[in-house]
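Everything on this sheet refers to the single structure shown next.
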Amino acid sequence: MVQDTPSRKLEQYIVRFPDGMREQLKQEAAKNGRSLNAEIITRLEDSFESSNQAPSSIDEIAKLAARQLTNAPHIPMKDREAIWSLYETIKLEETRNIRKFMTRLSEVIADAEERSAKK
């Protein structure tokens with residue numbers, strides 16, 4: 001006979017996982033020291049939190065813009081094209097800045113390793 005525990009009274013929902021996903025979740029749960037159920041709940045909660053945050057990258061901003069443009073069919077094509085042209089310009093600038101950052105990071109790490117090796 002199954003005991004009537006508080007967790008048994010919580011709402012339940014059957015989920016069909018694609019091949020391999022259940023095993024992958026079990027492995028992640030074990031790595032994180034959680035049950036399979038706790039892993040799934042944590043991941044769902046995290047997805048809700050991240051969807052409530054402001055976009056932090058140009059790609060996320062572009063996704064929002066695409067949705068807004070889709071929901072506003074009255075916007076002229078020339079304006080839509082101007083928006084996407086601006087997106088491409090910003091994306092290119094973002095990529096350049098990330099490359100500059102990574103180059104500088106590599107230089108700082110190499111300098112620190114060189115100083116450390118001299119000690």
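The values are calculated or read from the model by the stated rules, or taken from the named source; none is laboratory data. For clarity, every value in this text was computed on a predicted model and none was experimentally measured. Cβ atoms come from the backbone with ideal geometry, glycine included; neighbour counts cover every protein chain shown. Side chains included, ligands, DNA and RNA excluded: accessible areas come from the protein's heavy atoms. Shrake-Rupley method; radii C 1.70, N 1.55, O 1.52, S 1.80 Å.
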Scanning for something open to solvent by 100 Å² or more (accessible area, probe 1.4 Å), among the β-branched types (Val, Ile, Thr) and either on the phi > 0 side of the Ramachandran plot or at pLDDT 75 or above (or both), does the range 33-54 turn up at least one residue?
no
Taking interchain pairs and intrachain pairs at least six residues apart, which have beta carbon atoms under 6 angstrom, with the first residue in the range 71-96 and at negative phi and the second modelled with pLDDT under 85?
ARG80/LEU69; TYR87/ALA62; ILE90/ILE58; LYS91/ILE58; GLU94/ILE58
